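Reviewing the structure listed below.
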Amino acid sequence: YAGAQLLWLLLNHKEVEVKFIAAYSSAGKEITELYGNYRKVFEEKCVSFEEANAQIDNIDVLFTALPHGKSAETVALAFSKGVKVIDLGADFRIEDEELYEFWYGTKFHDAKLMEHAVYGLPELKRDKIKGAKIIANPGCYATASILGSYPLVKNGLVEEDLIIDAKSGTSGAGREGKVSNLFCEVNESIKAYGVASHRHTPEIEEQLGYAAGKEITVNFTPHLVPMNRGILATEYATLIKKPDGTYPSYEELKAAYDKYYAKERFVRVLKKGVCPETKWVEGSNYVDVNFVIDERTGRIIMMGALDNLVKGAAGQAVQNMNLLFGLPESEGLELVPCFP
């Protein structure tokens, strides 16, 4: 689904020409056999990876959207040819080799490639992204969770242990035919999965740890909900008291968000009392964030909502591409959220 969304965005980008689409099991099929929305728009056949590798000399940037452990060989070839890579998979998101192997249960890719990779969250790494050769496009849950809490973690306003409760639409589970993804299994139900083991956990901890300058611990629980798109991440943290023994005020906390996101095109800090909803970001590259203070417990509840296929995947990849090539960051992404 992320690849299909990416194609949609690239075909609507005035500075992009799509040269080929590669696939494993779908090689040789017209893209319209897989996604009928591309009829009379883009009717090329999917090529094999061998055919794609032979064409890498003719492109400026390669997008990869493969399961973990599958992209390293193609990325290495593109890198050797001087082709920029934006990887929507997980192979370059975690810098620590042992951490990657523990969470993903597979051998770490070429560590030398990792030296050239940048975590592609523009709101955090914009300057590094501009000069990068390999971009690790962040996970959808990670994007919502990091952006929802980053200003407070960065400014030392919350304790270093966070609890994150996140909900995702079923497109986040991919298009593979699984019993657990069938309509009758998903509809009229909500379930937790990957409890205490979801692979976006170390990604969130690593990036928030860089912000805090110390180790951050996260309890992350994702849930599957019966809708096509969208992620809502709700985060809980304990506020750090000021020297006078009082907790930071709403105004002080809001100022941290406003200061950090003031110039960010795609992050919308909502007004007091307005909670983010997935329906107001659907089909767009926006992230809506806000928070509520629980004065009774001294905790803060932070929220972030996004479209998991756009800002959570393909839209963020295009945003990174724009930065890599000196284009306006919002080029091809001026998408008003779609409702209803």
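The values are calculated or read from the model by the stated rules, or taken from the named source; none is laboratory data. What you are looking at is a predicted structure, and each value in this text was computed from that prediction instead of being measured. Cβ atoms come from the backbone with ideal geometry, glycine included; neighbour counts cover every protein chain shown. Ligands, DNA and RNA are excluded from the accessible area calculation, which covers all protein heavy atoms including side chains. Shrake-Rupley method; radii C 1.70, N 1.55, O 1.52, S 1.80 Å.
Using the Karplus relation 6.51 cos²θ - 1.76 cosθ + 1.60 with θ = phi - 60°, the per-residue 3J(HN,Hα) values for region 180-185 come to 5, 9, 5, 3, 5, 7 Hz, with x marking Gly and Pro.
Between PHE183 and HIS223, the FRET efficiency estimated from the beta carbon spacing at R0 = 22 angstrom works out to 0.80.
Of LYS40, LYS125, LYS271, LYS167, the residue with the largest accessible area leads and the full order is LYS40, LYS271, LYS167, LYS125 (1.4 Å probe). Ignoring any ligand, DNA or RNA, what whole percent of the accessible area of region 1-50 comes from carbon and sulfur when the probe is 1.4 angstrom? The C+S portion of the solvent-accessible surface of region 1-50 is 45 percent. For a paramagnetic label modelled on ASP165 (point 7 Å from Cα along Cα→Cβ), amide N atoms under 20 Å away belong, within region 132-156, to 141-150.
Bridge orientation summary for the chain: considering DSSP beta bridges with both residues in this region, about 55 percent are antiparallel.
Suppose R0 equals 41 Å; then what is the FRET efficiency for ALA196 and ARG175 from their Cβ-Cβ distance, rounded to the nearest 0.05?
That pair, ALA196 with ARG175, gives E of 0.95.
Per residue, the solvent-accessible area of the chain (1.4 Å probe, heavy atoms of protein chains only, all protein chains present) comes to 48 Å². Express the carbon and sulfur contribution to the solvent-accessible surface of region 155-209 as a percent, rounded to the nearest whole number, probe 1.4 angstrom. Ligands and nucleic acids excluded, carbon and sulfur give 51 percent. Dividing the summed helix terms, -39500 (n - 2.57) for each DSSP H run of n ≥ 4, by the number of residues in the chain produces a 222 nm estimate of -8500 deg cm²/dmol to the nearest 500.
When the surface is traced with a 1.4 Å probe over the full set of protein chains, GLU115 keeps roughly 150 Å² accessible. Of the DSSP H helices in the chain, those that are both long (alpha-carbon extent of 15 Å or more along the helix axis) and hydrophobic (Kyte-Doolittle mean at least -1.0) are 140-154, 201-212. Compute the separation of the alpha-carbon centres of region 178-240 and region 107-138 and state it in Å as a whole number. Using only Cα atoms to place each centre, the spacing works out to 22 Å. What is region 1-124's relative contact order, in percent, from Cα pairs under 8 angstrom and six or more apart in sequence? Result for region 1-124 is 17 percent. For the chain, modelled as a GNM whose springs connect Cα atoms under 10 angstrom apart, the maximal fluctuation among GLY69, GLY194, GLY148 occurs at GLY194. To the nearest 10, the accessible area of LYS45 is 130 Å² with a 1.4 Å probe. Remark: accessible surface ordering of GLU123, GLU205, GLU334, GLU277 (largest first) is GLU334, GLU277, GLU205, GLU123, probe radius 1.4 Å. Once all protein chains are placed together, LEU77 keeps about 50 Å² accessible to a 1.4 angstrom probe. In terms of accessible area, using a 1.4 Å probe and ignoring ligands and nucleic acids, GLU159, GLU331 rank largest first as GLU159, GLU331.
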